[in-house]
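Input: a single structure, listed below in structure tokens.
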Amino acid sequence: MKTAVLLLRRASVHSVLMLVTIGSLFAQTDSDSSSPPVGFYKDLFMSSGVNLSSRKSLPAAESLGLSYEYYAGKDAEIQNRLMTGEQHDTNGVLLYPDGAPRFRMIYVNGGGATNHGKSLELNGRQTLRQFFNAGGSYCGSCAGSFLSGRNVDLSNNRRLGYLHIYPYNTLNTGLKKEQLDHVIPDDSPLLKYRQFGTENRVEGVYHNNGNWMSLEKGEHLENTEILAVYDAPGKRPDQGAAIWAYKVKPETGRVVNIGSHPEGVTTGDRLSLTEACFLYSLDGTGTATIKGKLVAGETREMLANTTDKTPAFAKIGDGQIHYFSFQVESCVTTTVIDLNTEVDVQLNLYLSQDLPKIVTSVRTYRATGEGNKTMRVRLAPGTWYVAVECANR
């Protein structure tokens, strides 16, 4: 009999996942629209911190029914403890112990990009880069848009304080306290989510020292999606990009940059514009990462903290899912998976050959609810995937 044992822990959570080759199927549970995001703690984190607008509500997130949290304060010490962690929470609020994003997306408000970035210090900026590189999406307005970039205008160096996750310079509009029309191109991904007014025009979007991108020349054109353009005759950014997106690797998130300020509007096309930007950013979260392969007869212990810097063996976080794979040989008749926990926490167990749909597919074998679990199944030869979800949030 071939056996693989996987031991998982989340903080004080102690669980044992055992894979054995020796058949019962489990009832399948469908999720509904009110369910929390699969594999994440919440949908969105809003950054309203040092040198940013102290926004405490986000109309588009609320109209979309997204779960979100925020920091809206001017205390850099508190901000950075949240972002980068402290003695009792070494991974901070944005990341799980293994460095994966805890939220699907971060939204960064307007304000002063450089000073805000510097207030985060190097550790805070590295946390935001890790968030993006590990699959979390990024959306920013005005200063938030500047912050994601490399630098501004014709500067050659990478600006200290910026994140550089959008690896190109953006341009200053030089326009203060204006109302600018935005036009959505016919091929813009935003039209998959919302329809806008006459000729796909969004009128009177507030703009204050924001940024734009040229559509005529520049190395950015190859990898940048243009989501909306300015219609501002006689002004510097006219017919330039007003909203743009960037994603070149499946494992990263998607950057969606908004040069103006539609985010505070609660009705009409400007709200729809923000909603569409959020939805496109959220749909760009990175693909699932396999923690490792389960091997018959071997025990895999998931005990590591963030500070151990062994993410493949890190503890599981609130709402997180850990993914594993294993091979079923033709000689194997039945597979048994046991999942045991020592504390009062709900760990759900999923088994499928379809990794992207392992939690949602009706064909997935699943064991959910409180308590220990045993799964006995007869599996076809090939590669199979196990997902362990911490349902507690």
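Since every read-out is calculated from the coordinates, none of them should be taken as a lab result. Nothing here was measured: the structure is a model prediction, and the numbers come from that model. Counting neighbours? That spans all protein chains shown, and the Cβs are built from the backbone with ideal geometry, glycine included.
Below 8 Å, C-alpha to C-alpha, sequence gap of six or more: please give me the relative contact order for region 42-282 in percent.
Relative contact order comes out at 19 percent.
List the residues whose amide H sits under 5 Å from the amide H of Ile106, counting only those 5 or more places along or on another chain, with H placed 1.01 Å from N in the peptide plane.
Here Phe45, Ser137, Tyr138, Cys139 satisfy the definition.
In sequence order, what are the phi-derived ³J(HN,Hα) couplings for region 140-151 according to the Karplus relation 6.51 cos²θ - 1.76 cosθ + 1.60 with θ = phi - 60°, rounded to whole Hz, with x for glycine and proline?
Going residue by residue, I get x, 10, 6, 4, x, 6, 4, 4, 5, x, 8, 5 Hz, with x marking Gly and Pro.
Below 8 Å between Cα atoms, with a sequence gap of 6+, how large is the relative contact order for region 247-310 in percent?
35
Taking θ as phi - 60°, what are the ³J(HN,Hα) couplings along region 371-387 by the Karplus curve (6.51, -1.76, 1.60), each to the nearest whole Hz, with x for Gly and Pro?
x, 6, 9, 10, 10, 10, 9, 9, 10, 5, x, x, 8, 10, 10, 10, 10
Could you give each residue of region 161-175 its phi-based ³J(HN,Hα) in whole Hz, using Karplus coefficients 6.51, -1.76, 1.60 with θ = phi - 60°, and x for Gly or Pro?
My calculation for region 161-175 gives x, 7, 8, 6, 7, 9, x, 9, 6, 10, 10, 6, 7, x, 9 Hz in order.
Counting pairs of alpha carbon atoms under 8 Å apart in space and at least six apart in sequence, what relative contact order in percent does region 98-148 give?
58
Under 12 Å Cα to Cα from Lys291, which aspartates and glutamates show up? Leave out anything in the same chain fewer than 8 places away.
Asp98, Glu301
Quick one: which residues, 5 or more positions from Ala314 or on another chain, have an amide H under 5 Å from its amide H? H modelled 1.01 Å from N in the peptide plane, none for Pro or chain starts.
The list, which skips near neighbours in sequence, is Ala304.
Can you pull the percent of Cα pairs in the chain with separation above 29 Å?
47
Suppose only helical runs count, i.e. DSSP H with n ≥ 4. What mean residue ellipticity at 222 nm does that imply for the chain under -39500 (n - 2.57) per run, divided by all residues and rounded to the nearest 500 deg cm²/dmol?
Result for the chain: -4500 deg cm²/dmol, rounded to the nearest 500.
Can you list residues from other chains, or at least 5 along the same chain, whose modelled amide H is less than 5 Å from the amide H of Val38?
Excluding prolines and chain starts, which carry no amide H, there are no hits.
In vacuo Debye scattering of region 107-157, one point per C-alpha: log10 I(q)/I(0) at q = 0.16, 0.17, 0.20, 0.32 Å⁻¹?
Those come out to -0.46, -0.52, -0.72, -1.27, one per q.
Indicate, rounded to the nearest 5 percent, the antiparallel portion of the DSSP beta bridges found entirely in the chain.
70
Using the basic label-point model (7 angstrom from Cα toward the beta carbon), what is the His88 to Asn133 distance in nanometres?
3.1
List the lysines whose Cα sits under 20 Å from the Cα of Lys293, skipping any in the same chain fewer than 8 residues away.
Within reach: Lys2, Lys309, Lys315, Lys357.
Rank by packing, highest mean first: peptides 48-56, 304-312, 343-351, 81-89, with packing defined as the count of other Cβ atoms within 10 Å averaged across residues.
48-56, 343-351, 81-89, 304-312
Counting only pairs 8 or more places apart or on different chains, how many lysine pairs in region 118-269 have C-alpha atoms closer than 23 Å?
Taking the Cα cut-off of 23 Å, the pair count is 6.
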